[in-house]
Structure formats: structure tokens, C-alpha cells
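A short write-up of the structure that comes next.
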Amino acid sequence: MRYLFVIVSLLLLTTGCSNNIVTQNENPFLFSYELNKVEPKHAKEINPWLQTARNEAEVKIHSYETKDGYKYSYVKGYKDVEVTYIYSNFEGKLKQRFIKGSNDDEILVEVNYNKLICCNTNIYETDDNNLNN
């Protein structure tokens, strides 16, 4: 009986330790992004914002942040975007670099991010250095 107890205890201990090792080695979710998409749960607030942004002639970039870890960016005259995470000075930053297109091009970027790790600061830049906020 004692041997059975020792074997079961060792088995439980080994199983518990191996699960912790897998959990510790997994990378946490940082961010993801999609183009020209709006989460259905945000449609009521994003659609009017997006319509206003499309009608604004003076401002080239528009951004909107939700409380649940989403950032939306809308830019006229650009056709693509590169989204990266930068960690410096103990701060995580989200960088969006827009790729120039024709005057008729526009892009909507939806970024979902982990609020515990990322992204209090946003950096917007373009490949033509012509972005005015």
C-alpha cells in the first residue's frame, strides 16, 4: 500500500512539474492585426467614426482605441501597412508604417493587443515621410 502511495505521488508530482514547464515556455499573446476589418462588437462605434474620418479632408490619419484592447487606424492615400512592436526604456510601443499608394487608396487597420504588455505609445510613420496627424 505504501509503495502504491509513493508511485501515485511521484506520478502526480512529475505530471504537475511538466505542465508548469510547458506553461513557462509559452509566449504570451502580444498583438495581432488585420486590414479593412472591424470586429462585430465594435461596429456601432467604429462605423460612424470611420465615416467621419473618410469625410475629413485635412487630417490624413485617424485613430480610435477601444477599452478592450483594440486600436483602429484609418489613412487616406496609403495602400498597405507594416505593424511592429518595439520595446525600449521599459515600455512597449506599437509602430505602424504606412506604404504610399495612390490618392484613391485608403486603409483601415485593426490591431488587437494584450493590454498587460502592450501598447501605451503609438508611432505612425510612412515610407514617404508625408503623414500629418
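The values are calculated or read from the model by the stated rules, or taken from the named source; none is laboratory data. Everything quoted here is computed from the prediction, not taken from an experiment. Cβ coordinates were reconstructed from backbone atoms using ideal geometry, including for glycine residues, and neighbour counts include every protein chain displayed.
Filtering the stretch 29-55 to residues that are out of contact with any Lys or Arg (no Cβ under 9 Å at 6 or more places or on another chain), under 16 Å from Asp105 (Cβ atoms) and either buried (at least 16 other Cβ atoms within 10 Å of the Cβ) or not polar (S, T, N, Q) (or both) leaves Leu35, Leu50. Consider the stretch 39-68 and keep the residues that are modelled with pLDDT under 90 and aliphatic (A, V, I, L, M). The one that is farthest from Tyr124 (Cα to Cα) is Ala57.
Restricting attention to the stretch 87-133, the residues that are hydrophobic (A, V, I, L, M, F, W, C), surrounded by 14 or more Cβ atoms within 10 Å (Cβ to Cβ) and either closer than 23 Å to Asn55 by Cα or out of contact with any Cys (no Cβ under 9 Å at 6 or more places or on another chain) (or both) add up to 9. Pairs are defined by a Cβ separation below 9 Å, a sequence spacing of at least 6 or placement on different chains, a first member in the stretch 38-67 that is under 16 Å from Gln96 (Cβ atoms), and a second member that is hydrophobic (A, V, I, L, M, F, W, C) and in a loop (DSSP other than H, G, I, E, B); the pairs so defined are Ala53/Val59; Lys60/Leu131; Ile61/Leu131. For the subset of the stretch 57-86 comprising residues that are surrounded by 14 or more Cβ atoms within 10 Å (Cβ to Cβ) and small (Gly, Ala, Ser), which member is nearest to the chain's Cα centre (by Cα)? It comes out as Gly69. Listed by position, the strands (runs of 3 or more DSSP E) enclosed by the stretch 68-125 that each have at least 3 residues that are without any contact (Cβ under 8 Å) to a residue 40 or more places away in the chain are 70-76, 78-88, 91-100.
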